[in-house]
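Quick notes on the structure that follows.
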Amino acid sequence: MATEKHPLKVEGRIVDITNPDKVLYPKSGFTKAQVIQFYIGIAPALLPHMRDRPVSMKRYPNGVEEPYFYQKEAPANKPAWMKTHPVPSEARGAPINYLLCNDLPSLVWLANAADLELHTFMHKAPKLERPTMMVFDLDPGAPANVLDCARVALWLRDDLKSLGLKAWPKVSGGKGLQMHVPFNTPGVTYEHTGAIARALAQVLERDHPKQVTSVMRKDLRGGKVFIDWSQNNEHKTTVCVYSLRAQPTPTVAAPLTWQEVEDGADAKDAADLRFSPDQVLARYEEHGDLMEPVLTTKQKVPGGVADAGNPAPAVREVAAKSTKAVKR
């Protein structure tokens, strides 16, 4: 039996909606139609952050309690008008044609494809080797939680400030918290951002060994916050701000003010840093896009980028802020 389609006109384009009443979040009864409705409502804030960034799809065709799959290659059934961009793949031996989500019809199509989570790169097409930002993913190891991440974020903010850098925070929508450090500066490479992020993570680990780890091994994370610096890699994506997350009930990767991070560091309930789709839409209505500055703020890489392939000057300046590197 053919799937029933419900044509939806979006900015002059027709997007076929299928199974709008399918429940994708069983514990709350949140349906595909509500997913689409949320993404349409938050699109003015979300789309500028996605523009020209290749999208790695994370699809939940039968909801968050059933198996999901990642899809990098643009599906054969994508609309002809939806843009793609080739990304080299050494493992595949041929480029992967990633989707680009540059407009509302594309976003609605992704939502209908049950791409609940929107994962994007730090770079924009066509300059795949040039990240526009650096990101820190603060991931708590139980019994640590997002409130512990807030405390670590404040320490990291201070270290970034000592380098003349500003960061914008967001909750991941899952367990942790993320910080985006915009550069939007020609010449910045992943060699720079990756090396700086790693050095800063190691400095925090050295200064707060009981609360922080820079090592990915899960057996070392118990009760600590892992600062995942490895996200700063041309092959990795990070969940986009305003993306839904595949939690038991729908949550959103929502931007925060630093005051909220400070309040979170003193809070007792992790629910204080957890936001539903309706809450995020209300926050956007009240405050606008709290992460909008990430799109345009220009900052200099510590140590400069005179040699775009050599991160050493930047790393030296980071190291100069500390007395020694963490020994392994």
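The values are calculated or read from the model by the stated rules, or taken from the named source; none is laboratory data. Computed from a predicted structure; not experimentally measured. Here the Cβ positions follow ideal geometry from the backbone for every residue, glycine too, while neighbour counts run over all protein chains shown. These accessible areas exclude ligands, DNA and RNA; they are computed on the full protein's heavy atoms, side chains included. Shrake-Rupley method; radii C 1.70, N 1.55, O 1.52, S 1.80 Å.
Can you give me the long-range amide H partners of residue 251? Hydrogens built in the peptide plane at 1.01 Å from N, cutoff under 5 Å, separation of 5 or more residues or another chain.
245
In whole percent, and with a 1.4 Å probe on the protein chains, what portion of the accessible area of the chain is carbon and sulfur?
51
Classify the range 5-44: rounded, prolate or oblate, from the alpha-carbon gyration tensor (a ≥ b ≥ c, eigenvalue square roots; a/c under 1.5 rounded; otherwise prolate if a/b is larger than b/c)?
oblate
Report the charge-dipole magnitude of the chain in Debye, nearest 20, computed about the Cα centre from +1 at each Lys and Arg Cβ and -1 at each Asp and Glu Cβ.
820
Could you go through the range 59-70 in sequence order and give the Karplus-derived ³J(HN,Hα) for each residue, using 6.51 cos²θ - 1.76 cosθ + 1.60 with θ = phi - 60°, rounded to whole Hz, and x for Gly and Pro?
Values per residue, Gly and Pro as x: 9, 10, x, 10, x, 6, 8, 10, x, 10, 8, 8 Hz.
Would you indicate which of (i) -0.29; (ii) -0.40; (iii) -0.35 is the value of log10 I(q)/I(0) by the Debye sum over Cα atoms at q = 0.07 Å⁻¹ derived from the coordinates of this structure?
(i)
For the chain, what does -39500 (n - 2.57) per DSSP helix run (n ≥ 4), summed and divided by total residues, give at 222 nm, in deg cm²/dmol to the nearest 500?
Calculated mean residue ellipticity at 222 nm is -9000 deg cm²/dmol.
What residue among 149, 230, 26 has its Cα farthest toward the positive end of the dipole of the chain, where the charges are +1 on Lys, Arg and -1 on Asp, Glu, each on the Cβ?
Comparing the listed Cα positions along the dipole, 230 ranks first.
Determine the shape class of the range 46-112: with a ≥ b ≥ c the square roots of the Cα gyration tensor eigenvalues, call it rounded for a/c under 1.5, and otherwise prolate if a/b is greater than b/c, oblate otherwise.
oblate
Counting only residues 5 or more places away or on other chains, whose amide H sits under 5 Å from the amide H of residue 96 once H atoms are built in the peptide plane?
Excluding prolines and chain starts, which carry no amide H, the hits are 87, 89.
How many nm is it between the label spots at residue 37 and residue 249, if each spot is 7 Å from the Cα in line with the beta carbon?
Computed distance between label sites residue 37 and residue 249 equals 1.7 nm.
Would you pull out the residues with amide H under 5 Å of residue 125's amide H, same chain only if 5 or more places away, H placed 1.01 Å from N?
Amide H neighbours of residue 125, under 5 Å, 5+ apart: 53.
If you take the beta carbon distance between residue 27 and residue 216 as r and set R0 to 30 Å, what does 1/(1 + (r/R0)^6) give as a FRET efficiency, to the nearest 0.05?
Result of the calculation: an efficiency of 0.45.
Under the classification rounded if a/c is under 1.5, otherwise prolate if a/b is larger than b/c and oblate if not, where does the range 138-270 fall, given a ≥ b ≥ c as square roots of the Cα gyration tensor eigenvalues?
rounded
Tell me the per residue accessible area of the chain using a 1.4 Å probe; a whole number in Å² is fine.
For the chain, the per-residue accessible area is 46 Å².
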